[in-house]
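In what follows, a structure is listed as structure tokens, so that the remarks can point back to it.
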Amino acid sequence: MFKKYYFQFFLLVLTFIIFYSNDYKTIIAGIAIFLVGMIFLGDGFKLLGGGVLEKVLYVSTDTLPKAIGTGFVATLIMQSSTLVTVIVISFLSAEFITLSGAIGVIFGSNIGTTATAWVISSIGVKIDIATYAMPMIIFGVVFKFSYIKSYQGIGNILLGIGFFFLGIDYMKDGFEVMQNTLDLSKFQLEGYLGALVYISLGIAITVLIQSSSAAMAIIITALAANQIVYMNAIELAIGSNIGTTVTAILGSISSNSNGKRAAAAHFIFNFITGIVAIVFLYQLSDLTTFLASKIGIADNDYAMKLALFHTVFNVFGVMMIVPFTYRLEKYLETLFVEVDVYAQKPLYLDNVVINVPGAAIESIRKETIHLYDIAVEVVAHSIFLHRHEFIKNRDIDSIVKNSVIDISTDVNEFYTNKIKSLYGEIIHYATLAQENMDEKNKNMVYDLKLAAREIAEAIKNVRELQKNIFYYSKSKNSYIKDEYNNLRIQIAKTIDTIERLKEDGDDLDTISTLELLKEKIKALGSIKNSRIDMLIRENKIDSKMATSLINDSSFANDVAQKLIQVATILWIKDADIRTLGV
């Protein structure tokens, strides 16, 4: 019941606070403007980068050190560990990167997010940054209205930085004015009890506003205005680090197993480092004071010291956890295990991925492969074979002729309950994903939608074929029995060839093999038609058999051709080479 009305309750509380105090209103306005700036900044880099961040993450996470470095640099540029974490979850969901690579990026991102604290403590609270914010917002709006995407990206970035600075200025002014009416520093708490209270408060603030950067902005501006004492600010920062994992957890709820593992890695890392920081709170504080004196930070410059502590805390956490990364990865692989790979539920269609074009396309491709695997299973059963019996077997002819017709598969039920629903999910997801894509990516998604449709059509065709295969395979007429076995052989060999091609990896070899297979099926069709004519003329099959065989030959040919077209789309990566076969 609370979940249903919590937003309305939040609005009522917010309205009361805003109208109750102008000081609180200024601070809350600052937080809101800061968050708007973060959104514009993230959107701007997405538009300007044209997917560069996604490409960098894709090629720079093959080793743990590179992944940590990539996470650090990406967050340093984007100024949003949340955005980087969401992209990592989406890439891992689509299996673009490995779990260890995702863990490394999360480690690096935690260090990179400390840059926000340095910017705020060194510039935000020491100069009148609102003066610089206004021109950025003005020019940002001008660029925003351009028809050129790169200019729109620059506009969003300028707006983001402008609102970022303006939000900090509002928060700073709010806390300074509030000093005259309410001094929060009077409520300081010492010892570990105070640490737990302020850490909990830091978690709550970050969960509420869904941004650790905004939480750090609040903490630093409050500290600079002497509204909180230094030790309590440190405790709030630790809480903020733990609270930021909630965003990743919420973002992973609708993702697949891999996405949930990435969120779990984020939580485990931040939680453990948070616990260690609590235990060694005073030792870390003393270390920060020592380092501050060595790099020229004044002893009373608590804002800069807090930024330094935030960095020391996160670097220390990474150094502490990195040696155990392999064990963490192995543990995470035991979580959220998919029980049934052929389940009706989509495995890769992750809503977190849908706004990241590269990852969305890979998710759709993998889900279509999932659909293909399910379809091949039912196709094999429909021709009364088990896949493990004939795939990668050199003598498929003998396997088919010696097989026992005893598999009971209701293709209608299978199509309705599994194929149709999963096909619908793919089409729905792909259509939504295309809204955020350029023309090239839209065409790639269109091809994948076509592949999914061809898979569904192949099942419909084999549904018609199954009844007559079952009927005539038990016939006393050896000619009709042989002809239906030939149809089964044709489909089995098509599936076998495609399965072998999956492991090839060379697009030219793949397209050549598929084109040869396509021509071979056409040639077999001609031979088959001639043979049917001969069987009819020589009265070796009756008219009913002939009619069924002609229709079923067409169905078998369509099934094989559709599977080849699907294979061309799914396993040939080069678009130019792929067009030769589609």
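Readers should treat all values here as calculations from the given coordinates under stated rules, not as data from a laboratory. Values in this document were obtained by computation on a predicted structure and should not be read as measured data. Reconstructed Cβ throughout: ideal geometry from the backbone, glycine too, with neighbour counts over all protein chains shown.
Worth pointing out:
- Segment Ser122..Asp509, full-extension length gain: 133.5 nm, with 0.36 nm per residue of separation and the alpha-carbon distance subtracted.
- Charge sum, other residues only, whose C-beta stays under 10 Å from Ala292's C-beta, Lys/Arg counted +1 and Asp/Glu -1: 0
- Simple label model, 7 Å out from Cα along Cβ direction - Ala523 to Asp542, nm: 3.6 nm
- Tilt relative to the chain, helix 507-537 - C-alpha long axis, 0 to 90 degrees, to 10: 30 degrees
- Förster-model FRET efficiency, 35 Å R0, Phe10 and Tyr192, C-beta, rounded to 0.05: 0.70
- Taking the convex hull of Cα positions in the chain, its mean projected area over all directions (nm²): 32.1 nm²
- For Ser554 and Asp533, the FRET efficiency from 1/(1 + (r/R0)^6), where r spans their Cβ atoms and R0 equals 22 Å, is about 0.90.
- In degrees, nearest ten, helix 149-178 long axis to first principal axis of the chain (Cα): 40 degrees
- Net length available on complete extension from Met134 to Ile18 is 39.3 nm, with 0.36 nm assigned per residue and the Cα-Cα distance removed.
- Computed extension gain for Ala32 through Lys294, at 0.36 nm per residue and net of the alpha carbon distance, reaches 90.7 nm.
- Residue order, fewest to most beta carbons within 10 Å, for Phe9, Phe72: Phe9, Phe72
- Summary value for the chain: 13 percent relative contact order, contacts being C-alpha pairs under 8 angstrom separated by 6+ residues.
- For the peptides 148-161, 223-236, the ranking by packing is 223-236, 148-161, with the highest mean count of neighbouring Cβ atoms within 10 Å listed first.
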